[in-house]
Amino acid sequence: MKKFFVLVVLFALPIIAYLFFSSGQNNFAKLPVLTEDVQDLNSFESLQGDKVSLDDKISIVAFFGKDLDQIKGHTFNLDQKILEKYYEFRDFQFVIVLPESARDEAIRFSEEFEAIGNPQNWKFVFSSEEKVKEVFESMNSDFQLDENLHSPYVFIVDKDRNLRGRDEDEDYGMMYGYDASSVADLSNKMNDDVKVILAEYRLALKKNNAERKN
């Protein structure tokens, strides 16, 4: 009886672990494409003076506007609940899209945030207010930027510059972005969806490698 119990545990544990890590509404199915051809950021300039592109990266894109003090809580939530879990992935990036007028504030904000989080992997990019609006509008979401070019919602953009999200969310219906002010949305919905899209690309990579070997 004891040996039988041990065998059941040995077989059951991997299954339970798999179910745990693959839990969530999407269950590692492909995360729906809601908008194709999101405008790239290659006309923007980063704090370091180089170019940042959405091509070939899984990107979390945020529009934090001119007054960065008002979103410190949002940024802390996002860093703790999402970003610190996925910085290790080479193809993953967090991009904050800002108007040029916010450059000095972004430098100060980044330095201050080091006391409570890790802004080293954040990519602040800057351009004109018109360009910021163009990128936001290219997502064709049902959200709007406020007068400071700020939105509390952050977006998942895949390597082909498609906006990913949920088309049948149980709470919101069509879900284009994730509310950074809501710990529940970040911990449950967004975290689940980031795992889904990372798993999708890992599975595609394994398939491609297997086909090459054959």
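Throughout, read-outs are computed from the coordinates displayed, never taken from laboratory work. These numbers were taken from a predicted model, which means no experiment stands behind them. Virtual Cβ from ideal backbone geometry, glycine too; neighbours counted across all protein chains shown.
The distance from the alpha carbon centre of the range 163-190 to that of the range 110-150 is 18 Å, rounded to a whole number.
The Cβ shell under 13 Å around Glu134 holds other residues with a net charge of -3, Lys and Arg each +1, Asp and Glu each -1. With one equal scatterer per alpha carbon and no solvent term, the Debye-computed log10 I(q)/I(0) for the range 103-205 at 0.21 1/Å reads -1.37.
Summing Lys and Arg as +1 and Asp and Glu as -1 over all other residues whose Cβ lies under 13 Å from the Cβ of Val38 gives a net charge of -4. The 3J(HN,Hα) values that the Karplus relation (6.51, -1.76, 1.60; θ = phi - 60°) gives for the range 100-113 are, in residue order, 4, 5, 9, 4, 4, 5, 5, 4, 5, 4, 5, 5, 5, 6 Hz. Gly and Pro appear as x. Each residue, Asn140 and Lys30, gets one label point 7 Å from its Cα in the Cβ direction; the gap between the two is 1.6 nm.
Computed from the Kirkwood radius of its Cα pairs, the Stokes-Einstein diffusion coefficient for the range 77-138 at 20 °C and 1.002 mPa s stands at 167 µm²/s.
Under 17 Å of direct C-alpha separation, and excluding same-chain neighbours fewer than eight residues apart, Lys51 reaches these aspartates and glutamates: Asp40, Asp91, Glu100.
Over 20 Å apart at the Cα level, from the set Lys72/Lys159; Lys57/Lys85; Lys131/Lys195; Lys72/Lys195, are Lys72/Lys159; Lys131/Lys195; Lys72/Lys195. Over the Cα atoms of the range 23-108, the radius of gyration divided by the Kirkwood radius equals 0.98; this is the Rg/Rh ratio. For the range 33-179, a simple Cβ point-charge model (Lys and Arg +1, Asp and Glu -1, everything else neutral) yields a dipole of about 400 debye relative to the Cα centre.
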